[in-house]
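Input: a single structure, listed below in structure tokens.
The values are calculated or read from the model by the stated rules, or taken from the named source; none is laboratory data. Note that the structure is a prediction, hence the values are computed from the model and not measured. Cβ coordinates were reconstructed from backbone atoms using ideal geometry, including for glycine residues, and neighbour counts include every protein chain displayed.
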2 protein chains.
Amino acid sequence: MMELHEKYMREALRQARKAYALGEVPIGCVIVCGGKIIGRGYNRRNTDKNTLSHAEITAINKASKHVGDWRLEDCTLYVTLEPCQMCSGAIVQARIPEVVIGCMNPKAGCAGSILNILQMPEFNHQVNVTKGVLEEACSDMLTTFFKELRVRNKLEKEMKKHEETDNPSQNA
Amino acid sequence: MMELHEKYMREALRQARKAYALGEVPIGCVIVCGGKIIGRGYNRRNTDKNTLSHAEITAINKASKHVGDWRLEDCTLYVTLEPCQMCSGAIVQARIPEVVIGCMNPKAGCAGSILNILQMPEFNHQVNVTKGVLEEACSDMLTTFFKELRVRNKLEKEMKKHEETDNPSQNA
């Protein structure tokens, strides 16, 4: 089972790399049904200028269109980072029975970190959750992204400061 | 302020009526920015065969396209029924500062009933919430819908039973 989980998490990581290439926080997702990937998604929030462009929402949208049903009852969702409150909610609403997570998101995740929306007995659906599949690869991709982002932001700030020093008149 | 809230809640109720006409659970939503409605939505989950076709998600999608930003920071969202976990999550993710609710959903709502996702201090955004605007109209529409649905389901069941009694050979 773990071998299969790793196989599909590698596909989710491939999706995350597409987000990385766009300068988006690298998060990827695939939805598998009957041994076939029926939905893929990666974070495109800034590119699309739309909060609904999270990896999981895009994948759920595609999978629903594929099966022709709002219920994704025989599907497994693979995602590189613990889902947020919106995506965890969408997973429960779509009745997805199984979710496999790469690494956790202690500051904002809703599959055990801040909340555990996927497994609340108060809702009409609970999800089986497997955590830590290819955890290091998923986590490393995010760490590298944010490290690069900090360097880029710092450089931009310094360049701006130099420009201002070179052209003091523009500050008048 | 309450007069304005009622004005836009009436628009959300107009949206809900569109869902009703399709045989969908009647829930409607509008998003207002600068005195203008920039996003509308109504529940189309069965019609679209898609879990993302909740009223609020549709309205957020349209509003994001209208303002060209994933942040809906100057907007007020009006919805006839307390949002579910997915839609509450989307509202927080979109940084919507203000939500006005018609009636509550004690069994599944996530703006105070089961959870209060809109106002959790653990998240990076909290929402101002006004409840009970045109509460009776919002609630009555749902009650009537479910009453009709039960009658329809009962009639269909009885018709099926009669058909089986009339054609006993088909049960062999």
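Among the numbered conditions (1) of a type outside the set (Gly, Ala, Ser); (2) outside any loop (DSSP other than H, G, I, E, B); (3) more than 25 Å from residue A:115 (Cβ to Cβ), the only one that residue B:101 does not meet is (3). Within the stretch B:77-92, being of a type in the set (A, V, I, L, M), outside any strand (DSSP E or B) and more than 8 Å from every other protein chain (Cβ to nearest Cβ) holds for one residue alone: B:91.
With respect to residue A:155, is the statement that it is surrounded by 11 or more Cβ atoms within 10 Å (Cβ to Cβ), of a type in the set (A, V, I, L, M) and assigned to a helix (DSSP H, G or I) true? Criteria not met by residue A:155. Would you check if residue A:16 is modelled with pLDDT of 95 or more, touching a Pro at 6+ places or on another chain (Cβ under 6 Å) and either more than 23 Å from residue B:66 (Cα to Cα) or surrounded by fewer than 23 Cβ atoms within 10 Å (Cβ to Cβ) (or both)? When the stated conditions are applied, residue A:16 passes them. The residues in the stretch A:43-66 that are part of a loop (DSSP other than H, G, I, E, B) and either at positive phi or out of contact with any Lys or Arg (no Cβ under 8 Å at 6 or more places or on another chain) (or both) can be counted, and the count is 4. Contact map, the stretch B:60-75: first residue touching a residue at least 12 places away in the same chain (Cβ under 8 Å), second residue surrounded by fewer than 16 Cβ atoms within 10 Å (Cβ to Cβ), Cβ cut-off under 6 Å, separation 6 or more or different chains; pairs are B:70/A:49.
You will find that of A:159, A:86, the residue that is of a type outside the set (S, T, N, Q), without any contact (Cβ under 8 Å) to a residue 40 or more places away in the chain and within 21 Å of residue A:15 (Cα to Cα) is A:86 and no other.
Summed over the stretch A:114-139, the residues that are part of a helix (DSSP H, G or I) and surrounded by 12 or more Cβ atoms within 10 Å (Cβ to Cβ) give a count of 7. Among the residues of the stretch B:67-76, those that are of a type outside the set (Gly, Ala, Ser) and either within 11 Å of another protein chain (Cβ to nearest Cβ) or not in a strand (DSSP E or B) (or both) comprise B:67, B:69, B:70, B:71, B:72, B:73, B:74.
If the condition is being at the interface with another protein chain (Cβ under 9 Å from one of its Cβ atoms) and more than 20 Å from residue A:74 (Cβ to Cβ), then the stretch A:114-129 contributes A:114, A:115, A:117, A:120, A:122.
The listed residues are A:127, A:100, A:92, A:79, and the only one of them that is more than 21 Å from residue A:3 (Cα to Cα) and aliphatic (A, V, I, L, M) turns out to be A:92. Tallying residues that are over 16 Å from residue B:60 (Cα atoms) and in contact with a helix residue (DSSP H, G or I) (Cβ under 9 Å, 6 or more places away or on another chain) within the stretch B:17-34 yields 8. Regarding residue A:20, is this residue out of contact with any strand residue (DSSP E or B) (no Cβ under 8 Å at 6 or more places or on another chain) and part of a helix (DSSP H, G or I)? Here the answer is yes, as residue A:20 does meet what is asked.
If we scan the stretch A:34-52, do we find a residue that is crowded, with 18+ Cβ neighbours inside 10 Å, β-branched (Val, Ile, Thr) and within 12 Å of another protein chain (Cβ to nearest Cβ)? Within the stretch A:34-52, one or more residues are crowded, with 18+ Cβ neighbours inside 10 Å, β-branched (Val, Ile, Thr) and within 12 Å of another protein chain (Cβ to nearest Cβ).
Yes/no per residue for (1) touching a His at 6+ places or on another chain (Cβ under 7 Å); (2) β-branched (Val, Ile, Thr); (3) under 25 Å from residue A:81 (Cβ atoms); (4) at pLDDT below 95:
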{"position": "A:123", "(1), (2), (3), (4)": "no, no, yes, no"}
{"position": "A:139", "(1), (2), (3), (4)": "no, no, yes, no"}
{"position": "A:144", "(1), (2), (3), (4)": "no, yes, yes, no"}
{"position": "A:155", "(1), (2), (3), (4)": "no, no, no, yes"}
{"position": "A:160", "(1), (2), (3), (4)": "no, no, no, yes"}
{"position": "A:163", "(1), (2), (3), (4)": "no, no, no, yes"}
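Can you tell me which residue in the stretch B:93-107 is farthest from the other protein chains (Cβ to nearest Cβ), limited to those that are farther than 21 Å from residue B:139 by Cα and crowded, with 24+ Cβ neighbours inside 10 Å? Residue satisfying both the conditions and the ranking: B:96.
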